[in-house]
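Engineer: Okay, handing you the structure first.
The values are calculated or read from the model by the stated rules, or taken from the named source; none is laboratory data. This one's a predicted model, so the numbers in the text were calculated from it and none came from an experiment. Please note: Cβ atoms are built from the backbone with ideal geometry, for glycine as well, and neighbour counts cover all protein chains shown.
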Amino acid sequence: MRVLSAAQMRAADSAAVTRTGDIMLMRAAGSALAEAIALVVPSPRKVIAFAGPGNNGGDAYAALAAVEAPCERIIYASSTSGTSAGRRDAEMRARIAGVVIRDLPASFAEAAAVLVGADVALDALLGTGARPELPPAFIPVVDALNAAQATVIAVDIPTGVDADNGKVGAHAVRANLTVTLGAAKLGLLLEPARSHTGDLYIGDLDIDDEIRALEEPRFEALNDGEFLALLPRRGDESDKRSSGAPLVVAGSGQFPGAAVLCARGAARAGAGYVTLASSIDAAPALRAHLVEQVVVTYDESDVETTIETLLDLTKRSNAVAIGPGLGLSDNAGAILRGFIEKLERPFVADASALFHLAKHLDVLAGKACVLTPHEGEFARLSGEGTIAPGTRVERLRSFVKRTGVTTLLKGNATLIDDGTTIDVNVSGTSALATAGTGDVLSGIIATLLAQGLSPRDAARAGAYWHGLAGRYAAKQRPVGVVAGDVAEALGLALPRRPQRGPGERLIRLS
């Protein structure tokens with residue numbers, strides 16, 4: 001699904017207004033909001049809205065006019081003088097529908113009082129064009145919404161959140177649900193704004209043509225249906241190698257566990273034949289923990305022979321995962337770089353591989369590969385230091401433009417950039433914040449590459465699936481999820497089928 005910047009959304013809105021007029025566009029927004037309200041609170045007794053002076057506030061009037069449930073409906077507005085034809089129409093229809101309109105509360109106590117008994121509270125104070133710093137008059141309302149028992153639904157974007165970079169002001173609404181109109185906004189998927197968004201509902205405005213016509217930059221995110229469409233399926237005539245035969249080059253005497261987790265991630269992602277190549281001193285631990293995967297050893301002290309051994313193994317493999325637990329010795333680095341220079345298979349590089357590649361990115365030129373750094377690894381890999389808050393997108397885009405390498409930047413909102421599109425992963429979860437989950441991810445991506453996906457598709461599908469498995473594991477074990485749980489949850493976490501109707505527009509962000 002397409003993800004837009006604030007400027008892109010304004011351009012799409014403007015083009016849609018030219019085609020249909022702003023009255024029809026705001027009516028569509030009201031219908032989408034009413035649909036979302038009915039989805040999350042099917043029979044509300046009292047729905048209130050806090051409306052700002054612009055079209056975001058107008059959407060609240062349109063929404064309450066469109067609510068079909070027999071309930072009390074009240075709008076607390078900072079202004080009741082419509083600034084556009086769409087808003088004036090929405091205000092008129094709200095009055096005709098019996099919506100009560102009152103002045104915006106002037107204090108926290110007053111705002112808290114009007115929220116008592118409300119089942120749903122709409123935050124429609126400010127839209128995507130606003131900055132996180134709030135007008136003083138809105139602060140009491142925002143604080144009261146955050147203290148309320150009602151289901152808080154943000155209209156397009158929570159007040160106090162930046163639609164582009166995910167920055168959050170000192171006072172910002174923490175919504176249970178954000179109904180983002182037309183398309184998801186980039187800032188909603190980035191931390192810290194993501195923690196204020198709640199779940200995300202894509203409100204249909206029938207402006208797909210306008211969105212498709214937008215100029216770059218291009219941002220996207222997967223939903224369940226798109227993920228399932230990407231995921232390779234075994235044919236009836238498949239054998240173990242055609243089902244995906246990744247080679248995992250990982251592990252050492254000091255870090256054998258990373259290799260085990262990577263190999264298991266590859267196997268549980270559907271690989272038919274996993275080969276693990278590791279140093280001799282890791283072999284006892286690997287063979288004790290891996291039964292279905294083939295373990296081949298090499299002598300790290302003999303660099304050239306090891307490189308040739310690995311290249312020979314690729315003749316029977318169709319993708320490679322390299323790096324988890326390899327260690328940081330000079331010989332390990334020489335083996336890795338020498339192997340990659342001659343490697344003709346697609347590969348994913350993680351962990352120790354990123355350390356050894358940091359000052360040798362030239363060996364990646366022309367390779368079909370994915371790099372998977374976390375922020376600390378990216379700081380070293382890029383040579384440009386720590387990522388400042390709110391700059392992840394810009395830093396990643398700059399790195400990929402310079403290197404030409406598809407890169408997956410890990411985080412709760414993992415980003416994947418292939419030089420043409422930045423994909424934002426929406427399935428991230430704090431359950432993945434444990435040692436070894438990145439090794440599992442490398443195994444997943446290696447299998448998807450081995451099954452024929454492009455680096456970009458393998459990375460974005462792998463990240464999405466990894467997040468789903470983390471969530472599934474957390475449901476089974478609310479405390480103490482470990483990386484092995486995530487690998488074992490991969491098959492169980494697959495969506496059975498995309499939802500139909502309004503439910504398919506609902507995206508869980510936590």
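Engineer: Hey, can you tell me all the residues within segment 226-244 that are crowded, with 19+ Cβ neighbours inside 10 Å and among the polar types (S, T, N, Q)?
Structural biologist: Hits for segment 226-244: nothing passes.
Engineer: Still on this structure: Evaluate the following for A334: is it in the same structural domain as T275 (by TED's automatic domain parsing), outside any loop (DSSP other than H, G, I, E, B) and either at negative phi or not β-branched (V, I, T) (or both)?
Structural biologist: yes
Engineer: Shifting gears a bit: What's the number of the only condition in (1) more than 34 Å from the chain's Cα centre (by Cα); (2) of a type outside the set (F, W, Y); (3) in a helix (DSSP H, G or I) that P70 fails to meet?
Structural biologist: Here P70 clears every test but (3).
Engineer: Okay, moving on. If only one of N223, N176 is touching a residue at least 40 places away in the same chain (Cβ under 8 Å), within 21 Å of L125 (Cβ to Cβ) and surrounded by fewer than 24 Cβ atoms within 10 Å (Cβ to Cβ), which one is it?
Structural biologist: Step by step, each of N223, N176 is checked, and only N176 is touching a residue at least 40 places away in the same chain (Cβ under 8 Å), within 21 Å of L125 (Cβ to Cβ) and surrounded by fewer than 24 Cβ atoms within 10 Å (Cβ to Cβ).
Engineer: Return the only residue of T403, T391 being surrounded by fewer than 14 Cβ atoms within 10 Å (Cβ to Cβ), polar (S, T, N, Q) and assigned by TED's automatic domain parsing to the domain that holds Q254.
Structural biologist: T391
Engineer: Could you tell me whether any residue of segment 40-51 is part of a helix (DSSP H, G or I), within 21 Å of P158 (Cβ to Cβ) and not basic (K, R)?
Structural biologist: Checked segment 40-51: at least one residue is part of a helix (DSSP H, G or I), within 21 Å of P158 (Cβ to Cβ) and not basic (K, R).
Engineer: Does E191 satisfy being modelled with pLDDT under 95, assigned by TED's automatic domain parsing to the domain that holds D22 and either under 21 Å from the mean Cα position of the chain (by Cα) or not aromatic (F, W, Y) (or both)?
Structural biologist: For E191, the condition - modelled with pLDDT under 95, assigned by TED's automatic domain parsing to the domain that holds D22 and either under 21 Å from the mean Cα position of the chain (by Cα) or not aromatic (F, W, Y) (or both) - is met.
Engineer: Residues to consider are L408, L343, L432; find the one that is surrounded by fewer than 24 Cβ atoms within 10 Å (Cβ to Cβ) and free of Cβ contacts under 8 Å to residues at least 60 places away in the same chain.
Structural biologist: L343
Engineer: Just checking, how many residues over segment 468-496 are surrounded by fewer than 24 Cβ atoms within 10 Å (Cβ to Cβ) and either at positive phi or not charged (D, E, K, R) (or both)?
Structural biologist: Here the count works out to 14.
Engineer: How about segment 364-382: which of its residues are under 19 Å from D418 (Cβ atoms) and without any contact (Cβ under 8 Å) to a residue 60 or more places away in the chain?
Structural biologist: L364, A365, G366, K367, L371, P373, E377, F378, L381, S382, listed by residue number.
Engineer: Just a yes or no: is a residue in segment 360-373 assigned to a loop (DSSP other than H, G, I, E, B), surrounded by fewer than 16 Cβ atoms within 10 Å (Cβ to Cβ) and touching a helix residue (DSSP H, G or I) at 6+ places or on another chain (Cβ under 9 Å)?
Structural biologist: Looking for residues that are assigned to a loop (DSSP other than H, G, I, E, B), surrounded by fewer than 16 Cβ atoms within 10 Å (Cβ to Cβ) and touching a helix residue (DSSP H, G or I) at 6+ places or on another chain (Cβ under 9 Å), one finds at least one in segment 360-373, hence yes.
Engineer: Identify all residues within segment 82-98 that are hydrophobic (A, V, I, L, M, F, W, C), in a helix (DSSP H, G or I) and within 14 Å of V67 (Cβ to Cβ); write none if there are none.
Structural biologist: A90, A94, I96
Engineer: Among the hydrophobic types (A, V, I, L, M, F, W, C), at pLDDT 95 or above and either outside any loop (DSSP other than H, G, I, E, B) or within 17 Å of G52 (Cα to Cα) (or both): does that describe A130?
Structural biologist: In short, no.
Engineer: Can you tell me which residue among I211, I157, I153, I202 is in a helix (DSSP H, G or I) and touching a strand residue (DSSP E or B) at 6+ places or on another chain (Cβ under 8 Å)?
Structural biologist: The match here is I211.
The rows are residues; the columns are (1) polar (S, T, N, Q); (2) under 28 Å from L186 (Cβ atoms); (3) at pLDDT below 95; (4) touching an Asp or Glu at 6+ places or on another chain (Cβ under 8 Å).
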residue	(1), (2), (3), (4)
R456	no, yes, no, yes
H466	no, yes, no, no
K475	no, no, no, no
V482	no, no, no, no
L492	no, no, no, no
R500	no, yes, yes, no
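Engineer: Still on this structure: Which of the residues spanning segment 262-288 are crowded, with 17+ Cβ neighbours inside 10 Å and in a helix (DSSP H, G or I)?
Structural biologist: Passing the criteria: C262, A263, R264, G265, A266, A267, R268, A282, A283, A285, L286.
Engineer: Looking for something within 31 Å of the chain's Cα centre (by Cα), farther than 23 Å from Y201 by Cβ and not β-branched (V, I, T) - is there at least one such residue anywhere in segment 116-127?
Structural biologist: Taking every residue of segment 116-127 in turn, none turns out to be within 31 Å of the chain's Cα centre (by Cα), farther than 23 Å from Y201 by Cβ and not β-branched (V, I, T).
Engineer: Quick one: how many residues across segment 22-61 are more than 20 Å from L506 (Cα to Cα), of a type outside the set (F, W, Y) and over 30 Å from the mean Cα position of the chain (by Cα)?
Structural biologist: Residues meeting the conditions: 8.
Engineer: Does V294 count as without any contact (Cβ under 8 Å) to a residue 24 or more places away in the chain and within 21 Å of P346 (Cβ to Cβ)?
Structural biologist: In short, yes.
Engineer: State whether the residues of segment 41-52 include one that is touching a residue at least 24 places away in the same chain (Cβ under 8 Å), farther than 21 Å from G198 by Cβ and among the β-branched types (V, I, T).
Structural biologist: The answer is no; no qualifying residue exists.
Engineer: State whether one or more residues within segment 99-113 are surrounded by fewer than 17 Cβ atoms within 10 Å (Cβ to Cβ), over 19 Å from R174 (Cα atoms) and modelled with pLDDT under 95.
Structural biologist: Scanning segment 99-113, I find no residue that is surrounded by fewer than 17 Cβ atoms within 10 Å (Cβ to Cβ), over 19 Å from R174 (Cα atoms) and modelled with pLDDT under 95, so the answer is no.
Engineer: Is it fair to say A94 is without any contact (Cβ under 8 Å) to a residue 12 or more places away in the chain and among the aliphatic types (A, V, I, L, M)?
Structural biologist: No: the conditions fail for A94.
Engineer: With the condition kept exactly as written, say whether any residue in segment 290-304 is closer than 23 Å to L453 by Cβ, crowded, with 18+ Cβ neighbours inside 10 Å, assigned by TED's automatic domain parsing to the domain that holds A459 and not hydroxyl-bearing (S, T, Y).
Structural biologist: Scanning segment 290-304 turns up at least one residue that is closer than 23 Å to L453 by Cβ, crowded, with 18+ Cβ neighbours inside 10 Å, assigned by TED's automatic domain parsing to the domain that holds A459 and not hydroxyl-bearing (S, T, Y).
Engineer: Oh, and also: Determine which single condition S238 fails, assuming it passes every other condition in (1) within 22 Å of L494 (Cα to Cα); (2) within 30 Å of the chain's Cα centre (by Cα); (3) in a loop (DSSP other than H, G, I, E, B).
Structural biologist: Looking at each condition in turn, S238 falls short on (2).
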